[in-house]
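Scroll down for the structure; my scribbles are underneath it.
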Amino acid sequence: MYRKIEGFAVVTGGARGLGAAMAEQLAREGYDVVINYVSDRSTPVAQQLADRLKQEYGVGVLPFQGDVSSYDTCRAMFDAGIAAFGDKVAVLINNAGIQSNKPFQEIEPAAYQRLIGIELLGAMHCTHIALPYMQKAHNGCIINISSVCALYGQALQSDYDAAKAALIGFSRGIANENAQYGIRANCIAPGLILTPMVWALPEERREAYRNSVPLG
């Protein structure tokens, strides 16, 4: 029998890969979960995940389709979560992300602005909306998913590197501002994980990444 935790969690980019794994762990721990995703093709995947988590862990799971680069969409997502689960926002995981995978000079400005909008502004939008609820409760956890690319810089990922590095600074600032409210803000910088986004890379790119790891 799984214990039920008061409050709900929001996972952006939660239908696949790392996001889906984190949504499942939160459900396993007893949180109701809002699973955010953006593309129509992810709708059945998100719904299947939601149905399975509800059945296996006895929690509420709400799939929500929306682009986190829009503040109004983020607001609508939190409003939907509050309507479903109450106004205690316990956990926010800012995980939504995309990649360009091109030399910077070949990336159109609209494309790198799009990436920054999702990777960085999406996290800022969701945090801006979640904080008042967490401050009121004097509790909450914000986790921003950065990348090792932010620490050493990855070729063909300069816009991604920039956004992920900015998330580290943003996390530190939010943590220092909100410690007085008992709110924790942390950043995770994963290495390469074989998620669908990574499988979409050309094999030679995946092999180059693999060769950069001492254990292969």
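For residues that are farther than 23 Å from residue 34 by Cα and in contact with a Ser or Thr (Cβ under 7 Å, 6 or more places away or on another chain), scanning just region 87-107, find the one that is surrounded by the most Cβ atoms within 10 Å (Cβ to Cβ). Break it down into steps so the answer makes sense when it comes.
First, the residues of region 87-107 that are farther than 23 Å from residue 34 by Cα: 99-107.
Subset that is in contact with a Ser or Thr (Cβ under 7 Å, 6 or more places away or on another chain): 104, 107.
Values: 104: 14, 107: 18.
The qualifying residue surrounded by the most Cβ atoms within 10 Å (Cβ to Cβ) is 107.
So, in region 104-132, how many residues would count as being of a type outside the set (A, V, I, L, M, F, W, C) and within 19 Å of the chain's Cα centre (by Cα)?
Residues meeting the conditions: 9.
What number goes with the only condition from (1) without any contact (Cβ under 8 Å) to a residue 40 or more places away in the chain; (2) crowded, with 17+ Cβ neighbours inside 10 Å that residue 13 does not pass?
(1) is the only condition that residue 13 fails.
Of the residues 123, 84, 111, 96, which is over 19 Å from residue 159 (Cβ atoms) and at pLDDT 95 or above? Show your work before the answer.
Working: 123 fails: over 19 Å from residue 159 (Cβ atoms); 111 fails: over 19 Å from residue 159 (Cβ atoms); 96 fails: over 19 Å from residue 159 (Cβ atoms).
One residue alone meets the criteria, 84.
Every residue in region 158-181 that is open to solvent by less than 40 Å² (accessible area, probe 1.4 Å) and more than 22 Å from residue 22 (Cβ to Cβ), please.
159, 161, 173
Which residue out of 123, 137, 130, 110 is surrounded by fewer than 18 Cβ atoms within 10 Å (Cβ to Cβ), hydrophobic (A, V, I, L, M, F, W, C) and in contact with a strand residue (DSSP E or B) (Cβ under 9 Å, 6 or more places away or on another chain)?
Only one candidate qualifies: 137.
Yes or no, residue by residue, for (1) within 14 Å of residue 97 (Cβ to Cβ); (2) of a type in the set (A, V, I, L, M, F, W, C):
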{"residue": "144", "(1), (2)": "yes, no"}
{"residue": "149", "(1), (2)": "yes, yes"}
{"residue": "154", "(1), (2)": "yes, no"}
{"residue": "163", "(1), (2)": "yes, yes"}
{"residue": "166", "(1), (2)": "yes, yes"}
{"residue": "189", "(1), (2)": "yes, yes"}
{"residue": "209", "(1), (2)": "no, no"}
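Examine region 188-195 for a residue that is farther than 18 Å from residue 92 by Cα, in contact (Cβ under 8 Å) with a residue 40 or more places away in the chain and assigned to a helix (DSSP H, G or I), and state whether such a residue exists.
The answer is no, given that none of the residues of region 188-195 is farther than 18 Å from residue 92 by Cα, in contact (Cβ under 8 Å) with a residue 40 or more places away in the chain and assigned to a helix (DSSP H, G or I).
The values are calculated or read from the model by the stated rules, or taken from the named source; none is laboratory data. Since the model is a prediction, treat every value here as computed from it, not as a measurement. Counting neighbours? That spans all protein chains shown, and the Cβs are built from the backbone with ideal geometry, glycine included. Quick note on the areas: whole protein, heavy atoms, side chains included, nothing else; ligands and nucleic acids left out. Shrake-Rupley method; radii C 1.70, N 1.55, O 1.52, S 1.80 Å.
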